[in-house]
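Written below as structure tokens is the structure these notes are about.
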Amino acid sequence: MSGSPLPLPVRAVLPDLALHTALRRGIDRVSRARTGGLFVLGCNDRVESICRGGYPVAAEVTEDSLNQLSKPDLAVVLADGLTTIVRINTELAPPVGTTVAGRGARHLTASRVAAFTGRPVVAVSEETGAITLFAGEHEYQLTERSVLVSKASLAVLALDTDVRELRGTASGQHTERRGGRAEELTEQAGQRVVELEDYLVELGREGIQVEYLLDRYCAELGIERAPAGPRQSQTAVPAVQAIARELDDWLHQGLLAADRVLSGRVSVAAPAAPHEPTKAFPRMSFDTDAAALRFCDDHLASLLAGINQAVEAAEHDRALRRCLALLEYFYRRKPWPQWIKVLNLVVLAARQLDDHAAEASVLTSLGVAHRESGQLEAAVDLLVEAERAWWAAADPVGRAEALNHLAYAHVDQGGRRNASTALHCGQKALELFERAENWLGVGKALNNLGVIQRRLGNLTEALDCGQHAMAVFDRIGHPRGYHWALANVGNVHRDAGRHRDAIDCYQRALAWRVRTGDEYGTAITRADLAAALRASGDHVGAAQQWQLAWEVFDRLGDPRADIVRDQLARTTPG
């Protein structure tokens with residue numbers, strides 16, 4: 001986003017489309033369903049004059065009602081005030097002479113209606129799910145919820161960096177140079193404030209923490225805030241239900257025990273006070289990954305509520321330590337909305353604590369979450385910032401982890417240029433891991449380089465990297481990494497036309513992943529196995545595997561669900 005403010009007609013509407021509103025939640029749901037839709041935000045004589053067909057209703061605006069009443073090419077009309085739906089299934093017929101640039105019939109109609117009626121219109125793309133607001137003659141694409149929250153967090157971190165540097169210039173030497181740099185930083189900070197003001201309009205009540213920090217920075221900089229909007233009403237902020245401290249400490253102890261099993265390390269996320277076991281709250285321990293995951297599954301809502309409560313109480317260290325202990329669970333289970341939301345809360349807490357390593361860990365995990373949910377631009381921005389944070393923390397292994405994930409994000413973006421950048425990042429990650437003699441990291445980097453070489457079409461190099469990764473994982477006794485690399489070797493065999501070898505790799509990896517309860521990895525391997533089975537002529541087996549993979553991806557909201565569904569539709573058994 002640039003430093004220029006939002007157009008006034010857009011800014012006037014965005015509070016009604018803030019993340020917490022029923023209107024936005026309903027439109028977001030239509031977006032996720034990829035069904036498409038048109039929503040006229042207000043009704044007047046001109047709106048009524050262009051409605052053709054449909055029928056009047058008097059339904060409350062809720063997430064469910066908007067989702068159920070929306071149709072791909074027919075409009076839902078809301079009354080002024082945006083709390084009531086007054087007409088559905090109506091065709092909009094604005095004067096053809098009212099022309100505003102649009103994309104496709106739905107967006108062209110939306111732009112014409114907004115210009116003719118003076119009422120804002122929202123168009124939801126059936127193909128991409130993109131949400132576009134038309135207000136007057138202006139067009140504005142709403143930002144996907146998790147991307148918006150992460151962009152705001154990055155902007156706050158950047159503003160904090162500017163403010164800290166400004167403090168430093170106040171006590172430095174070389175007055176002329178210091179004055180020039182201070183002027184440059186002040187202008188840059190002002191642009192970031194404008195950027196954050198725009199984010200806050202759309203964030204609504206989910207921007208309360210950003211709001212607080214921005215107030216503090218603006219006071220220090222002497223910058224006047226934009227006029228307060230509906231987002232700043234504190235009375236409607238839902239209170240987080242209090243959790244008994246003893247139960248909360250027990251949950252935290254259980255989480256630490258789970259993290260030790262899942263991550264294979266002693267957690268640094270120590271509780272504020274040791275938990276004393278009682279009959280009601282016994283000390284927890286886990287022998288297997290499955291048991292640790294099950295504990296986190298069962299208590300995730302309470303664990304997340306505890307983090308929210310700690311953030312609201314300004315107990316930054318408690319919130320941060322708990323979140324760090326959840327990172328491996330998030331990576332295994334992929335609850336993307338919760339993963340992204342809670343990490344954006346604690347990354348700002350890490351900055352306030354000046355905990356550079358924790359900030360870098362959270363940024364890295366955020367980047368991974370965005371990459372895996374298909375939000376690649378946000379992933380790259382976060383991982384670039386994470387790599388800088390690890391550099392500042394003087395942690396080469398952490399830096400290598402960020403570079404390794406950054407390589408994956410670049411290669412997922414597609415194109416040879418991105419693949420070349422990915423190769424550079426992956427090779428640098430491998431170099432840093434080898435220098436630190438971090439063999440788990442070496443295995444990860446080799447496996448990743450195999451994926452990149454495969455995307456570049458260098459199958460010999462890809463196979464060599466994959467087999468080398470398997471050898472490293474086998475030597476250090478890391479079966480999860482070994483079977484991950486094994487599945488990627490299967491991908492190389494499949495691309496080379498060696499379908500029987502590919503199927504053998506997939507079946508071995510699949511058996512281990514099923515046995516250990518790795519649901520997400522199982523779904524990925526089933527999808528790969530299905531492609532190899534179809535290529536070898538087994539259409540029935542392919543359809544079965546794609547169906548099983550689709551069920552998992554669809555439940556998780558993984559973008560692969562649409563791809564697998566299309567493959568399944570094109571696979572005719574027999």
**OP:** For residues that are of a type outside the set (Asp, Glu), surrounded by fewer than 24 Cβ atoms within 10 Å (Cβ to Cβ) and in contact with a Phe, Trp or Tyr (Cβ under 8 Å, 6 or more places away or on another chain), scanning just region 369-385, find the one that is nearest to Arg333 (Cα to Cα).
**Re:** Ser373
Original post:
Only one of (1) of a type in the set (D, E, K, R); (2) under 17 Å from Ala325 (Cα atoms); (3) crowded, with 24+ Cβ neighbours inside 10 Å is not met by Glu401, so which one is it?
Top reply: (2)
Original post:
With region 6-113 as the region, which helices (runs of 4 or more DSSP H) entirely inside it contain at least 3 residues that are buried (at least 20 other Cβ atoms within 10 Å of the Cβ) and in contact (Cβ under 8 Å) with a residue 60 or more places away in the chain?
Top reply: 22-33
Subject >> Test for Thr525: is it of a type in the set (Ser, Thr, Tyr) and either modelled with pLDDT under 95 or touching a Cys at 6+ places or on another chain (Cβ under 6 Å) (or both) >> reply: no
Original post:
Of the numbered conditions (1) outside any helix (DSSP H, G or I); (2) hydrophobic (A, V, I, L, M, F, W, C); (3) modelled with pLDDT of 85 or more, Ala301 satisfies every one except a single condition; which is it?
Top reply: (1)
**OP:** Within region 204-222, identify whether any single residue is in contact with a Gly (Cβ under 7 Å, 6 or more places away or on another chain), surrounded by 14 or more Cβ atoms within 10 Å (Cβ to Cβ), at pLDDT below 90 and assigned by TED's automatic domain parsing to the domain that holds Ala152, and answer yes or no.
**Re:** no
**OP:** Quick one: count up the residues across region 499-545 that are outside any helix (DSSP H, G or I) and either of a type in the set (Val, Ile, Thr) or without any contact (Cβ under 8 Å) to a residue 60 or more places away in the chain (or both).
**Re:** 4
**OP:** Find the residue count for region 370-421, including only residues that are hydrophobic (A, V, I, L, M, F, W, C), without any contact (Cβ under 8 Å) to a residue 24 or more places away in the chain and assigned to a helix (DSSP H, G or I).
**Re:** 2
Subject >> One residue from Val397, Val384 being out of contact with any strand residue (DSSP E or B) (no Cβ under 7 Å at 6 or more places or on another chain), within 23 Å of Leu345 (Cβ to Cβ) and modelled with pLDDT of 95 or more >> reply: Val384
Original post:
Looking only at region 304-332, which residues are farther than 25 Å from Leu154 by Cβ and within 20 Å of the chain's Cα centre (by Cα)?
Top reply: Ala305, Arg332
Subject >> Residues (crowded, with 23+ Cβ neighbours inside 10 Å, farther than 23 Å from Asp289 by Cα and among the charged types (D, E, K, R)) located in region 442-491 >> reply: Arg454
Original post:
So His539 clears everything in (1) of a type outside the set (D, E, K, R); (2) within 22 Å of Thr571 (Cα to Cα); (3) crowded, with 21+ Cβ neighbours inside 10 Å except one condition, right? Which one?
Top reply: (3)
Original post:
Does Arg351 count as within 16 Å of the chain's Cα centre (by Cα), in contact (Cβ under 8 Å) with a residue 24 or more places away in the chain and surrounded by fewer than 24 Cβ atoms within 10 Å (Cβ to Cβ)?
Top reply: no
Original post:
Any residue in region 463-478 that is within 18 Å of Thr516 (Cβ to Cβ), in a helix (DSSP H, G or I) and under 31 Å from the mean Cα position of the chain (by Cα)?
Top reply: yes
**OP:** From (1) assigned to a loop (DSSP other than H, G, I, E, B); (2) in contact with a strand residue (DSSP E or B) (Cβ under 7 Å, 6 or more places away or on another chain), pick out the condition that doesn't hold for Gly129.
**Re:** (2)
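The values are calculated or read from the model by the stated rules, or taken from the named source; none is laboratory data. As the structure is a computational prediction, the values presented were derived from the model and not from experiment. Cβ coordinates were reconstructed from backbone atoms using ideal geometry, including for glycine residues, and neighbour counts include every protein chain displayed.
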